[in-house]
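The values are calculated or read from the model by the stated rules, or taken from the named source; none is laboratory data. All figures in this text were calculated on a predicted structure; none of them were measured in a lab. Virtual Cβ from ideal backbone geometry, glycine too; neighbours counted across all protein chains shown. Accessible surface areas use protein heavy atoms only, side chains included; no ligands, DNA or RNA. Shrake-Rupley method; radii C 1.70, N 1.55, O 1.52, S 1.80 Å.
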Amino acid sequence: SRLYVGPDHWACGIGGLLHDHAVAHARDLGAKELNLWVLEANTRAWAMYERRGWTLVAGFKLENEPPEIVDVLYELVLD
């Protein structure tokens, strides 16, 4: 349900590999569209997803506990 790569391994391609495998698996299962929540403050993740074709869904935010932790919604339409 979550993708996470520890800071010691950032910029090694691991997150991209995990992402691409998850998307390929969803595609194999017949998914036509994917949605995911990303921490609003995690601009590093935003950039990775946007490079892979995800788009931010404007106006959708998920407030968590504690309230200063907010997720934003991204979507990817599959071919």
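At-a-glance table
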quantity: Accessible surface of the chain [probe 1.4 Å, protein heavy atoms]: carbon and sulfur percent; calculated: 57
quantity: Quotient of Cα Rg and 2.2 N^0.38 Å for the chain, N being how many residues it contains; calculated: 1.13
quantity: For segment 2-21 versus segment 26-79, the gap between their alpha-carbon centres in whole angstrom; calculated: 15
quantity: Accessible solvent surface per residue of the chain, calculated while the other protein chains remain in place, 1.4 angstrom probe, Å²; calculated: 74
quantity: Full-stretch length increase - Ala22, Leu62 - with 0.36 nm per residue and alpha-carbon distance subtracted; calculated: 12.2 nm
quantity: Added length on full extension, which subtracts the Cα-Cα distance from 0.36 nm per residue, Glu75 to His9; calculated: 21.2 nm
quantity: In segment 1-51, the trypsin sites (Lys or Arg not before Pro) that fall in loop regions by DSSP, at most 15 other Cβ within 10 Å; calculated: Arg2, Lys32
quantity: In the chain, the GluC sites (Glu not before Pro) that fall in loop regions by DSSP, at most 11 other Cβ within 10 Å; calculated: Glu68
quantity: Selection from Val23, Val5, Asn42, by position along the positive dipole direction of the chain (Cβ); calculated: Val23
quantity: Length released on extending from Lys32 to Glu50, taking residue separation times 0.36 nm less the Cα-Cα span; calculated: 4.7 nm
quantity: Sparsely packed chymotrypsin sites (Phe, Trp or Tyr not before Pro) within the chain, loop by DSSP, other Cβ within 10 Å at most 12; calculated: Tyr4, Trp10
quantity: Nearest-20 debye value, the chain charge dipole, Cβ charges on Lys, Arg, Asp, Glu; calculated: 220
quantity: Helical contribution to [θ] at 222 nm, DSSP H n ≥ 4, -39,500 (n - 2.57), averaged over the chain, rounded to 500; calculated: -9500 deg cm²/dmol
